[in-house]
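Take a look at the structure below.
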Amino acid sequence: MRRLASLWLAVALAACGTDASGTAPGGGGAGGVSGSRGVTQGGPQDIALFREIVARGEVPAPETLDPVGFFAEHAMDLPPADCGEDVCVHPMLAVAPRFDGGNWTMAFVAMNSPVDPATLERPALHLIAALERSAVTEESWRGVELGLRVLAARLHEGDRLSLVVFGDRAETLLEGIVPETEAVDDALLAARAIAPSADVALYEGLAVAGRLAGAPAGFEGLSRILLLTSGRASAGVTSPERILALAEGLARQETALNVLGMGGDAYDPRIPQLVAELGAGTYTYAEDVADLDRIFRYEGDTTLFPIATDFRLRVEAATGYRIGRIYGARRAVADASAAALESPALFLGHRTGSEDVAGGRRGGGGGLFVELVAEPDAADLGAGQPAFLLSAEWTAADGTSREAAQSMLNTLAPGQNPDGMWPELSDETHANAFMMLNMYLTLRATVDFYHAGDCSRALGVIDMVAPTVELWQAEYDNPDIWADLDLVLALRANIESQCTVSGRPAPMSRPPESFAGGCMMI
C-alpha cells in the first residue's frame, strides 16, 4: 500500500563477533509447467499499518509489525522447482556469529511450484462477498458499495456472484447470480436499508457464505469468499475456536477465503489473523476508502488455484541440537525436538490488470524459520553432521498422497562459528531469506526497546545492524533488502526525533547486549 522513498545513513559500529557490550494442477507438475512460482501460506500480505505510522513520523507499537506480512512483501529467491511435483520444498541453513560473538544457526524452509498460473485456463469463479454492516463499518459503507460494484464489473463471463450482509444476523441478498449492474444495485439498496447493528454475528455471516459456496445449479468452477470484517464477534457464536474451525472446514473443501479488515481504532485483528493464517487466502487491511477501492479491484483481478490440501511440514532437530525460536508462521508449533506447521490448503495466485507493488517491494515471499541451538558438548560430534531433518506430506490436487524428506548437513560442528566471521550458507545463491529475517528482527527489537523506554538501545540496534546490511548488499544487491533498510532508517529518524527533549541533544546510540539475529556480513 504505502511505501517510503530511499534514505541513506552512514554509521560507524562495532564489528561482528565482538563484544557489543551494550493447473489443472495434478501430480508430477502435470499442466502449465513453466519456471518456478512461490507457494506461501495465507495471512497478512504486507505491513501497511506499520509503514503508515512510520511515514507519519511516529514509532509503531510492536504488535503492528506482523512477521508473516513482512516476509510476504519480499520476493523469495528459491532454487528451481524441479522436484517433479506441483509443490517443491526447499530447506536451507545459515550459520553466523551473533554480534556478541555467540552462535546463530538458523534453518529456513520455503516452497515453490513449477506450475505457472498464468498458463492455466482461468476457471469460472463463484465469488461470495460476506460484508459486515455494523456501527463500526457504517462510516465507510459507501466505499464498500463502490468497491463491490467495481469487483462485480471485473468478474468474467460465466462467473457468479453472491452477497451476504451481516450485522447481528446474516441476510442473503444475492445468490449465485450472473453479475449484472441492476441486480447489484438493487442488492446494495436493500443492504443500505438494513440498520447498522451494535453487535456482529461473524460466525453466522461466514456460515451462510460457506453454504452458498456450494456450486449454484449448472455452475462448474471454483468458489471464493471475500470476508469484510471489523474482527468483532459479539452475537450468536462468539468463540474464536468455533469460527476458526468453520473457516478451516471451508478451506479443506478448497474454498478460498480472503479476509479484508476495516474499522479504524475499533478494529480487532485477532480473529481475522487466525482465519487468514489457515493458508487458504489473503489478509489485507483497509486504512481508508482508497484502500477499499484498490483491494476490491485486486479481488476481481485475482485467481487462486488450489494445488494441495492437508499440507504438513516438520523440521526435526538432529542430534546435538534443540529447537529455539521460530518465525514466519504463527500456526507453527514447536517443542525442544521439532517444529511443525499444518495448512488445510495451498493455493497459487495469479493477478491480472492491477498495478505492481511499488517501492522496491516485489512480494510473494514467506517461509518458516527455525532456530537450532547447539546442546552442551555437541561440538564433539564434529563437522559435516545433520543439523535438521525435514519431512513434508500433502494431498495433491488429483487426490493422491505426496511426501518429501531431506537431511540438511552443517559443514561446521554444532555451535561452531565460521572462520573469519563470515556466515556459512548451505546455498549462497538463494540466501537473502536470512537477511530478510535479520531485517525483521531489527525492526522488532528496535520498537520493543523504544516502547520499553530505552531510546539508546532502540537506536543502537539499528546502528549495529545497518553497516552489515550495506556489506551484504554489495554482494547481493537485493531490492527488497534495500527497501527494508529504507524503512529501518526512517524508523531511526523518528526515534531520534521522539526521544530528543526540547533543548537537549538526542540520546547516545547504545548497542544492546544481545540481538536475536546473526551478523550476516559478506
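Structure notes:
- If the condition is being among the aromatic types (Phe, Trp, Tyr) and open to solvent by 10 Å² or more (accessible area, probe 1.4 Å), then region 430-481 contributes TYR440, PHE449, TYR450, TYR476.
- Hey, PRO418 open to solvent by less than 20 Å² (accessible area, probe 1.4 Å), of a type outside the set (A, V, I, L, M, F, W, C) and closer than 27 Å to GLY320 by Cβ or not: yes
- Scope region 150-163; condition open to solvent by less than 10 Å² (accessible area, probe 1.4 Å) and in contact with a Pro (Cβ under 9 Å, 6 or more places away or on another chain); matching residues: LEU151, ASP159, LEU161, SER162
- Among the conditions (1) farther than 22 Å from ALA290 by Cβ; (2) surrounded by 23 or more Cβ atoms within 10 Å (Cβ to Cβ); (3) at pLDDT below 95, GLY147 misses just one, which is (1).
- Considering region 137-170, the residues that are over 21 Å from VAL208 (Cα atoms) and assigned to a loop (DSSP other than H, G, I, E, B) include one that is nearest to the chain's Cα centre (by Cα), namely LEU155.
- Of the residues examined, GLU220 is not one that is open to solvent by 40 Å² or more (accessible area, probe 1.4 Å) and part of a helix (DSSP H, G or I).
- Taken as a whole, the condition of being touching a helix residue (DSSP H, G or I) at 6+ places or on another chain (Cβ under 6 Å) and open to solvent by 50 Å² or more (accessible area, probe 1.4 Å) does not apply to ASP398.
- Matching residues, region 252-280, being crowded, with 23+ Cβ neighbours inside 10 Å, out of contact with any helix residue (DSSP H, G or I) (no Cβ under 8 Å at 6 or more places or on another chain) and more than 21 Å from ALA201 (Cβ to Cβ): ALA256
- Restricting region 313-343 to residues that are at pLDDT 80 or above and in contact with a Ser or Thr (Cβ under 8 Å, 6 or more places away or on another chain), the residue that is surrounded by the fewest Cβ atoms within 10 Å (Cβ to Cβ) is ARG322.
- Annotation: of all residues in region 86-120 being in a loop (DSSP other than H, G, I, E, B) and among the aliphatic types (A, V, I, L, M), the one that is surrounded by the fewest Cβ atoms within 10 Å (Cβ to Cβ) is LEU120.
- Residues of region 150-182 that are aliphatic (A, V, I, L, M), closer than 24 Å to ASP291 by Cα and in contact with a strand residue (DSSP E or B) (Cβ under 8 Å, 6 or more places away or on another chain): LEU151, ALA152, LEU155, LEU161, LEU163, VAL164, VAL165.
- Within the set GLU316, GLU254, GLU287, the sole residue that is acidic (Asp, Glu) and under 20 Å from VAL89 (Cα atoms) turns out to be GLU316.
- Residue in region 381-390 that is farther than 23 Å from SER337 by Cβ and touching a strand residue (DSSP E or B) at 6+ places or on another chain (Cβ under 6 Å) present: no
- Test for ALA506: is it modelled with pLDDT under 95, open to solvent by less than 70 Å² (accessible area, probe 1.4 Å), within 25 Å of PHE71 (Cα to Cα) and not in a helix (DSSP H, G or I): no
- If you go through region 232-256 and pick out every residue that is assigned to a loop (DSSP other than H, G, I, E, B) and at pLDDT 95 or above, you end up with 8.
- Residue satisfying all of: in region 195-217; among the aliphatic types (A, V, I, L, M) and assigned to a loop (DSSP other than H, G, I, E, B); farthest from ALA130 (Cα to Cα) among these: ALA217
- Every condition in (1) closer than 30 Å to PHE50 by Cα; (2) out of contact with any helix residue (DSSP H, G or I) (no Cβ under 7 Å at 6 or more places or on another chain) holds for GLY300 except the one numbered (2).
- Some residue of region 171-182 being among the charged types (D, E, K, R), assigned to a strand (DSSP E or B) and over 20 Å from VAL275 (Cα atoms): yes
- Options PRO80, PRO123: the member that is at pLDDT 90 or above, surrounded by fewer than 24 Cβ atoms within 10 Å (Cβ to Cβ) and assigned to a loop (DSSP other than H, G, I, E, B): PRO80
The values are calculated or read from the model by the stated rules, or taken from the named source; none is laboratory data. None of the values given here were measured: they were computed from a predicted structure. Cβ: placed from backbone, ideal geometry, glycine included. Neighbour counts: every protein chain shown. Keep in mind that these areas ignore ligands, DNA and RNA; they rest on the heavy atoms of the full protein, side chains included. Shrake-Rupley method; radii C 1.70, N 1.55, O 1.52, S 1.80 Å.
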